[in-house]
1. If I go through segment 159-190 residue by residue, how many of them are of a type in the set (A, V, I, L, M, F, W, C), under 23 Å from the mean Cα position of the chain (by Cα) and closer than 18 Å to Y75 by Cβ?
2. Within segment 1-48, take every residue that is of a type in the set (S, T, N, Q) and within 15 Å of ligand 2 (Cβ to nearest atom) and give me the one that is surrounded by the most Cβ atoms within 10 Å (Cβ to Cβ).
3. Taking the condition of being at positive phi and small (G, A, S), how many residues in segment 357-377 meet it?
4. Quick check, is Y68 within 30 Å of the chain's Cα centre (by Cα), modelled with pLDDT of 85 or more, closer than 17 Å to V187 by Cβ and not aliphatic (A, V, I, L, M)?
5. Quick check on this structure: which one of I350, I292 is within 18 Å of P43 (Cβ to Cβ), among the aliphatic types (A, V, I, L, M) and outside any loop (DSSP other than H, G, I, E, B)?
6. Taking segment 26-55, which residues are in a strand (DSSP E or B) and aromatic (F, W, Y)?
7. Out of the helices (runs of 4 or more DSSP H) lying entirely within segment 153-259, which hold 1 or more residues that are within 16 Å of ligand 2 (Cβ to nearest atom) and out of contact with any Lys or Arg (no Cβ under 6 Å at 6 or more places or on another chain)?
Amino acid sequence: MTKTNPFKFGSIVSGDYFYNREEDLLRIKQTLSGGNNITLFAPRRYGKSSLVKKALGELEKEEYITVYIDFMSVYSQETFITNYSRAIAHSQKSSLENTVKKIAKYISGIVPSVSFDSSGTPSFSLSWIEGRDKEQTLTDVINLPQKLSSNGKKWIIAFDEFQEVTKLNGDNFEKLLRSCIQHHDDVSYLFFGSKTHLLQDMFNNKNRAFYNAAAVMGIDKIKETESIEYLISRFKSSEISISHQTAKHLLLTVANVPYYIQFIAYEIWQSIMLSHRDKVTLNDIDQAVENILQLKADYYWELTNKQTAYRKKVLYALGQSVTELFSKQTADNYNLGAVSSTQKALEAFIEDGIVERIEGKYEFSDPFYSTFINRNL
Ligand SMILES: Nc1ncnc2c1ncn2[C@@H]1O[C@H](COP(=O)(O)OP(=O)(O)O)[C@@H](O)[C@H]1O
Ligand SMILES: [Mg+2]
């Protein structure tokens with residue numbers, strides 16, 4: 001009998017793959033259904049997209065119309081028009097054709113087109129007509145949910161990786177979006193993303209369009225006890241045992257980051273199955289770490305060699321789990337210069353996604369990269 005790996009990583013997880021987050025889920029649902037907007041931020045790979053998708057799924061069952069759009073895939077105002085209007089069209093329960101007709105009626109600047117996939121399923125797409133007033137079309141598209149809500153239904157709209165919105169002609173687009181949505185009485189918005197500092201600035205800075213536009217919330221790593229329980233039961237579903245202590249060690253190895261918990265557990269499960277065993281040992285964890293490091297060595301070297309000599313020193317200090325990065329002691333021990341130089345290096349790491357700043361502390365985004373640095377620098 002072939003068994004499927006009970007662990008999953010790299011994409012949005014749902015169903016049995018998803019665990020915990022009950023309180024966050026409740027809070028998100030209550031805030032949105034109460035008619036309020038939310039900004040949700042947490043470092044990448046903590047499980048934001050999965051959590052939000054789950055919340056939307058549950059709200060849909062409560063008769064809300066929900067729309068999800070990822071701003072990673074939006075790189076221009078035209079792609080915003082196309083992707084957003086398509087996401088809105090697909091959220092409608094009536095036939096796609098009727099919806100598209102309705103949309104075309106409200107927005108004169110776009111043209112609907114139909115294409116068929118190999119199985120004959122129609123798919124509609126809407127694109128901006130070259131030459132039409134783009135700002136008017138944008139305004140119309142942004143106002144579409146409120147227009148369509150005339151049937152009394154409430155809408156919930158989630159903007160994933162929202163900080164990327166600044167790519168769309170910066171300030172102007174932000175201002176337009178804000179000025180439109182503040183009149184959307186029947187729509188609640190959820191803005192979220194991984195670049196905490198950028199999002200915080202968007203919503204906390206008085207000079208930005210989205211200042212005070214939403215209640216701010218963060219999500220943490222999943223509690224260790226909950227993850228231990230989950231690991232034990234998931235391995236058990238394949239008749240594999242893991243002790244409480246070994247599960248705890250696994251979590252420590254990946255600094256409790258949700259993505260990496262799944263990543264390493266996936267590796268371990270595979271090697272246990274291949275060798276026809278039924279128990280996870282500490283050695284399995286060490287072995288999995290070695291495999292992963294080997295797998296990623298090229299990438300890690302490339303990433304490291306791109307760094308200046310100074311940044312390498314800062315990486316090295318971080319890899320040694322130094323917490324007082326700006327102290328005189330640290331500067332002496334690691335041969336670092338002015339605090340401002342170290343600060344600049346850290347900001348660059350954050351910008352590149354190598355490092356996260358969590359509650360004032362700096363942490364590698366990828367715990368395996370931390371191990372790599374530790375061994376090789
Ligand atoms: N609640 C959860 N239960 C199980 N795995 C999770 C959970 N949240 C996150 N993960 C793991 O982390 C990975 C990344 O999740 P994702 O929702 O894409 O995070 P983010 O949007 O914060 O980057 C998932 O593929 C999964 O492996
Ligand atoms: Mg995400």
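1. Number satisfying all stated conditions: 6.
2. T39
3. Start the filter on segment 357-377 by keeping residues that are at positive phi, which leaves 359-360.
Of the ones still in play, those that are also small (G, A, S) are 360.
So the count comes out to 1.
4. yes
5. None of the other options fit; the residue is I350.
6. F41
7. 196-204
The rows are residues; the columns are (1) at pLDDT 90 or above; (2) over 24 Å from F263 (Cα atoms).
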position	(1), (2)
K8	yes, no
D24	yes, no
K54	yes, no
V74	yes, yes
I81	yes, yes
A104	no, yes
P112	no, yes
S119	no, yes
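The values are calculated or read from the model by the stated rules, or taken from the named source; none is laboratory data. All values reported here derive from a predicted model rather than from experimental measurement. Don't worry about glycine lacking a Cβ; one is built from the backbone with ideal geometry, like all the others, and counts go over all protein chains shown.
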